[in-house]
1. With the cut-off at 1.5 for a/c, could you classify segment 195-261 from its C-alpha gyration tensor as rounded, prolate or oblate?
2. Rolling a 1.4 angstrom probe over the protein heavy atoms, how many square angstrom per residue are accessible across the chain?
3. How many angstrom lie between the Cα centre of segment 132-189 and the Cα centre of segment 265-300?
4. Work through the residues other than Arg299 whose Cβ is under 14 Å from its Cβ and net out their charges, Lys, Arg +1 and Asp, Glu -1.
5. How tilted is helix 105-116 with respect to the longest principal axis of the chain? Cα atoms for both, answer in degrees (0 to 90, nearest 10).
6. With springs connecting C-alpha atoms under 10 Å apart, model the chain as a Gaussian network and identify which of Phe188, Phe74, Phe11 has the largest mean-square fluctuation.
7. To the nearest 500 deg cm²/dmol, what mean residue ellipticity at 222 nm is calculated for the chain from DSSP H runs of n ≥ 4 alone, each contributing -39,500 (n - 2.57), summed and divided by the residues?
8. Would you kindly work out the equivalent ellipsoid of the chain from its C-alpha gyration tensor and give its semi-axes, the square roots of five times the eigenvalues, largest first in whole Å?
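The values are calculated or read from the model by the stated rules, or taken from the named source; none is laboratory data. Every value quoted in this text rests on a predicted model; they were computed, and no experiment measured them. Counting neighbours? That spans all protein chains shown, and the Cβs are built from the backbone with ideal geometry, glycine included. Heavy atoms of the whole protein, side chains included, go into the accessibility calculation; ligands, DNA and RNA do not. Shrake-Rupley method; radii C 1.70, N 1.55, O 1.52, S 1.80 Å.
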Amino acid sequence: MSFDPGQGDGFRAEVRDWLAAHVPAQPLPSVDTAAGFAAHRAWERELAAARLSVVSWPPEYGGRGASLPEWLVFEEEYYAAAAPVRVGQNGLFLLAPTLFAHGTAEQRDRLLPPMARADEVWAQAWSEPDAGSDLASIRATATRAEGGWLLSGTKTWSTRAAFADRAFGLFRSDPGAERHRGLTYLLFDLHADGVTVRPIRQLGGGTGFAEIFLDGVFVPDADVVGAPGEGWRIAMSTASHERGLSLRSPGRFTAAAARLVELWQRAGDPADTALRDRVVDAWIGAQAYRRHTFDTAARLAAGGTLGAESSLGKVFWSELDLALHETALDLLGPLAEVDGLPGADGCWLDGYLFALAGPIYAGTNEIQRTVIAERLLGLPR
Ligand SMILES: Cc1cc2nc3c(=O)[nH]c(=O)nc-3n(C[C@H](O)[C@H](O)[C@H](O)COP(=O)(O)OP(=O)(O)OC[C@H]3O[C@@H](n4cnc5c(N)ncnc54)[C@H](O)[C@@H]3O)c2cc1C
């Protein structure tokens, strides 16, 4: 297949033109604040009205049936235009692929259209105070009730749960079963009776991150994804999207690499060849990740599946993101910490702070390296 699908064709041009006309001239307030969340939701609705919020989904759910490579093209244009953070990303990029693979037709019909319009924004409720890397040790429970399940326990580190509408979580439904077996994947309303959401204030001042306390929260059978007890298998399907293709598409990194090269041209010291080489390495890394991802998309389009190799991508993109931002900070020196002065560029600092989290979320890089060692390389446990 062509390595540059969509280049110069109508789709890329349409996306580019639409974004040029619609991306807000001033960045929206942080998505991790109540006002910023609302502004980002409004932006999602604008995208959805142009049928650009979920281009790869079938038309009946608000998409255009675009191929995976076309979706990657959309993402490249989106990041190149410095368009707003996708407030619905957990639903769009994690839950939706899971519903396409494991949900029922009824669930897809009911849940996907409001997700595409950001009428329902989803949070991921997996981690618990004593279960992060070792996700199979979760303790929050789902207990059988008339027509459904009652959820109890504590979830934490749930991105934007403070402002989101619904959550997808993993619960222990059979305490007697072997730990990976007794889990069920359930969807619940963050505003339901018995749910308390407590924001966790972050260093940057945002309050989107949250703990979720559940006390006998009723969930109907219709909101079980897959069968009861199958939660681990379904969660691993979600996780392969989180680590692999969908959450961090290469457009994010090629756009940052292009900005880094511009920054070097504007502010770099030609005598500093070591820093120049880091700029070049970061740019090459972004191009390599792009090539790898288009190859993966081609493989998936030919019927392949995404499994443990998504761990390779996760380690690569998270370390690349750090390298891009660290190089920019070193290039800017003290000017990285301010905005508004000639030559200053404070947004690299925000990006750096977020990049620091990359080796942690979506499964820490230590855990990914274990997966790579055991499942891809066949090394002993
Ligand atoms: C920005 C951000 C957003 C997040 N969003 C969400 C979200 O929306 N929903 C959600 O459910 N969770 C979310 N998380 C939580 C994230 O999934 C967990 O932080 C992550 O899985 C690690 O779990 P932990 O924090 O409990 O650390 P721990 O599991 O306690 O790990 C602590 C350290 O020990 C290391 N370690 C642990 N076990 C091993 C091992 N077997 N071998 C080698 N090293 C090991 C880890 O690599 C890590 O360095 C988010 C986290 C961050 C930082």
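1. Working: a/c = 4.12, a/b = 1.42, b/c = 2.91.
The shape class here is oblate.
2. On the way: 17060 Å² over 381 residues.
Heavy-atom SASA per residue in the chain reads 45 Å².
3. Spelled out, the Cα-based centre of one part sits 40 Å from the other.
4. Values: positive: Arg291; negative: Asp295, Glu309.
Spelling it out: positives minus negatives among the neighbours equals -1.
5. It works out to around 40 degrees.
6. Result: Phe11 has the largest fluctuation of those listed.
7. Values: 11 runs with 159 residues, N = 381.
-13500 deg cm²/dmol, from helical runs alone.
8. Details: eigenvalues 238, 105, 100 Å².
Working from the Cα gyration tensor, I get semi-axes of 35, 23, 22 Å.
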